[in-house]
1. Tell me the Kirkwood radius of region 185-305: reciprocal of the mean inverse pair distance over distinct alpha-carbon atoms, in Å.
2. List, in order, the whole-Hz ³J(HN,Hα) value for each residue of region 68-85 obtained from phi through the Karplus relation with A = 6.51, B = -1.76, C = 1.60 and θ = phi - 60°; use x for Gly and Pro.
3. How high is the FRET efficiency between Asp219 and Ser173 when r is their beta carbon distance and R₀ equals 25 Å, given to the nearest 0.05?
4. On each of the three principal axes of the Cα atoms of the chain, give max minus min coordinate, whole Å, ordered largest first.
5. Mind checking the angle between helix 281-304 and the chain's longest principal axis? C-alpha axes, 0 to 90 degrees, to the nearest 10.
6. Over the Cα atoms of region 75-173, compute the convex hull volume and normalise it per residue, giving Å³.
7. Which Cys residues of the chain have no other Cys Cβ less than 4.7 Å away and so no disulfide-compatible partner by this rule?
8. How high is the FRET efficiency from Arg123 to Ser94, r the C-beta distance, R0 30 Å, rounded to 0.05?
Amino acid sequence: MYDVAILGSGPAGMTAAIYACRAGLSTVVVERMMPGGQMGETPEIDNYPGFESVSGFELSSKMSSQAKALGAEIKTCTVNEIDFKDLSNTVRTSGGDIVAKTVILALGASHRALGVDGEERYRGLGVSYCATCDGNFFRGRDVCVVGGGNTALEDAIYLAKICTKVYLIHRRSSFRGFETLAKQIAETENIELILDSVVECINGDERVSSVTVKNVKTDEKTELPVSGCFIAIGSVPNTELLSGKIKLTASGYIDAKEDTVTNLPGIFAAGDIREKVSYQIVTACADGAVAAHMAGVYIAETERK
C-alpha cells in the first residue's frame with residue numbers, strides 16, 4: 001500500500017509527487033501517456049518563474065525527472081475506476097489495482113469541443129485541438145483557429161509562422177486573451193480576423209476542405225477554404241469517473257478550496273480539475289504542493305487516533 005496515489009502527471013500531479021516524496025511518503029503517480037498534460041502541448045512558456053522561456057515538453061520532462069529522482073514511482077496506465085475508502089483507497093487501472101492511504105486527484109482537463117457538424121467526422125483529418133502537436137502537418141496551407149482566449153491567440157501566432165494564412169474566428173468583437181497577444185496578432189500579416197462569427201459546420205470529403213462561418217450580427221454565412229481547423233475554446237474537467245462519488249460544482253469541477261480538501265476523507269484535488277479563479281501552470285503547481293502537504297497531515301493525524 002502506498003501513502004499517496006497521484007492520478008495525473010501534469011504540473012499539479014508532478015509537483016505533488018515531488019513534495020510527497022520529500023516528506024517521506026511512499027508515492028505512485030498514474031499517468032495515461034506522457035507527463036505534462038496540456039502543459040506538454042504548449043510550445044513556449046514565458047510566465048513560469050525562473051524561466052524566461054521554456055517549452056512545455058522541456059518543463060514537463062524536468063518535473064518528471066525530479067519526481068523520479070526523489071523516489072516517485074511512475075505507472076503508465078489508464079484509470080478505469082476509483083473505490084474510495086478511508087486509508088485504503090483502490091484505484092483500478094489497466095495495469096492492475098493500486099491501493100493507497102490517500103489520493104490526490106490531478107486528472108486535469110480536456111479540450112472543449114465545438115459540437116458542430118463535421119467536427120467528430122474530421123477529428124484527426126483536419127480537425128485538431130493542439131496546434132503544436134499537429135501544426136506541422138499543415139505547413140504552407142491555409143488554416144483557421146477558433147477561439148478568443150490566450151490559447152487561441154497563441155495557436156494563431158504559432159501557426160502563422162508555418163502556414164500560408166490563418167483565419168482567427170471569434171464569436172465576439174474583442175478577445176479575452178492578453179492585450180500583448182492581441183497586439184501581436186494585429187501585427188502579423190498572414191492572420192485574418194473573422195470576428196462576431198461562429199463556425200456552423202466543418203466541411204470536406206476525406207479530409208477538411210472548408211468551414212462554414214456565420215456572422216452572429218448579420219446572419220451572413222461565408223465558406224472559408226482551409227485544410228485545418230484548430231479548436232481552442234477552453235477545457236472541461238476530467239471528472240467522468242468521479243460523478244456520483246465526490247462533490248462537484250455546477251460547472252463539473254471538483255468542489256475543493258485552496259486547501260485542496262474534498263468532501264471525502266483523505267482525498268484531495270489539485271490543478272485544473274478543481275474549480276478556482278486562475279488556471280495557470282504556477283497555480284497548478286501550488287495546488288500540488290498544498291495537496292501533498294495535506295495528504296501527509298491527514299495520514300499523520302489519522303494514524304495517531
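1. Working: mean 1/r = 0.0545 Å⁻¹.
Computed over Cα pairs of region 185-305, the Kirkwood hydrodynamic radius comes out at 18.4 Å.
2. Going residue by residue, I get 5, 4, 7, x, 5, 8, 10, 10, 9, 6, 9, 7, 9, 6, 10, 9, 7, 8 Hz, with x marking Gly and Pro.
3. The formula returns an efficiency of 0.95 here.
4. Per principal axis, max minus min of the Cα coordinates gives 68, 40, 33 Å.
5. Value to nearest ten degrees: 20.
6. Working: hull volume 16.2 nm³, N = 99.
Taking only Cα atoms, region 75-173 has a hull volume of 164 Å³ per residue.
7. Cys21, Cys77, Cys144, Cys163, Cys201, Cys229, Cys285
8. Plugging the Cβ-Cβ distance into 1/(1 + (r/R0)^6) gives 0.85.
The values are calculated or read from the model by the stated rules, or taken from the named source; none is laboratory data. Nothing here was measured: the structure is a model prediction, and the numbers come from that model. With ideal geometry, Cβ positions are generated from the backbone for all residues, glycine too; neighbour counts draw on all protein chains shown. These area figures cover heavy atoms from the full protein model, side chains too; ligands, DNA and RNA do not enter into them. Shrake-Rupley method; radii C 1.70, N 1.55, O 1.52, S 1.80 Å.
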